[in-house]
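Here's the structure, in structure tokens; my notes come after.
Just so it is clear, none of the values below were taken in a lab; they were calculated from the coordinates. Please read all numbers here as calculations on a predicted model, not as lab measurements. Backbone-built Cβ (ideal geometry, glycine too); neighbour counts: all protein chains shown.
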Amino acid sequence: MTEMEPVPAATVVLIRENSVQEHLEVLLVQRNSRLVFHGGHWVFPGGRLDPDDFAAHPEGLEYPAALRAAVRETREEAGISISEQQLIHTAHWTTPPKLPRRFSTWFFVCPLHETVEVNIDNDEIRDYLWLTPEAAIAESAAENIVLPRPTLVTLQDLNGFSRLSSLLEAVTEGNIRVFPENSKYYRPQEMGCPS
């Protein structure tokens, strides 16, 4: 059986500071249970790269397309307008071989410094929650919510930060989590990703 090529995708970790309680909260959205891929699971907003996402770049590079897709998907799934300049690339996950659907997903952190209103589409996305990474991990452990592995690992990476300033200092150091480690689908130089 031939290994299925993963579909390029992007996801956005929207994160805000709760200054009153001194912790960080991330936005998780619940996918419609009817969806084949991660139906009913709680994830960060995101989705596959569309042809239009590639069209804006003359060389058709994947990284600029992922930035555009991240902005578009955040607007479509959560009703939140963000800009490419707010996005910080932090990880790249490729679904393991032999699974019926595979994605090679660019992960971005998007710090929110102002209050935003979440408006889900109530079709692909059925619900949303703002949770601390710690609370989301606990909800998953108690089997109250289902988190795909990349979402869970990202939350574990974010756990322990209470201020956006310290988180941003850590994520801008350029330590990109790549899974699997030597993924042939993560080609930052070729894709125009800033090194």
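Here the extension length gained between residue 144 and residue 61 equals 26.0 nm, from 0.36 nm per residue of separation less the Cα-Cα distance. Rounding to the nearest 20 debye, state how big the charge dipole of the chain is about its Cα centre with +1 on each Lys and Arg Cβ and -1 on each Asp and Glu Cβ. Result for the chain is approximately 520 debye, rounded to the nearest 20.
Over the chain, DSSP H runs of length four or greater, each weighted -39,500 (n - 2.57), average out per residue to a 222 nm ellipticity of -7500 deg cm²/dmol. Across the chain, the relative contact order, built from alpha-carbon pairs under 8 Å that are at least six residues apart, equals 29 percent. Residue ranges 174-187, 46-59, 106-119 sort as 106-119, 46-59, 174-187 when ordered by packing (mean number of other C-beta atoms within 10 Å per residue, highest first).
In percent, rounded to a whole number, the relative contact order of segment 91-195 is 31, using alpha-carbon pairs under 8 Å and six or more apart. Centroid-to-centroid, using Cα positions, segment 83-101 and segment 130-192 are 11 Å apart. Computing Cα extents along the principal axes in Å directly from the structure and comparing it against [x] 67, 38, 32; [y] 48, 36, 30; [z] 50, 39, 26 singles out [y]. Counting only DSSP beta bridges whose two residues both lie in the chain, roughly 60 percent are antiparallel. In terms of the mean number of neighbouring beta-carbon atoms within 10 Å, the peptides 162-173, 70-81, 11-22 order highest first as 70-81, 11-22, 162-173. In this Cβ point-charge picture (+1 for Lys and Arg, -1 for Asp and Glu), segment 46-139 has a dipole of about 440 debye about its Cα centre. Of the Cα atoms belonging to segment 83-133, the radius of gyration and Dmax stand at 14.7, 42 Å.
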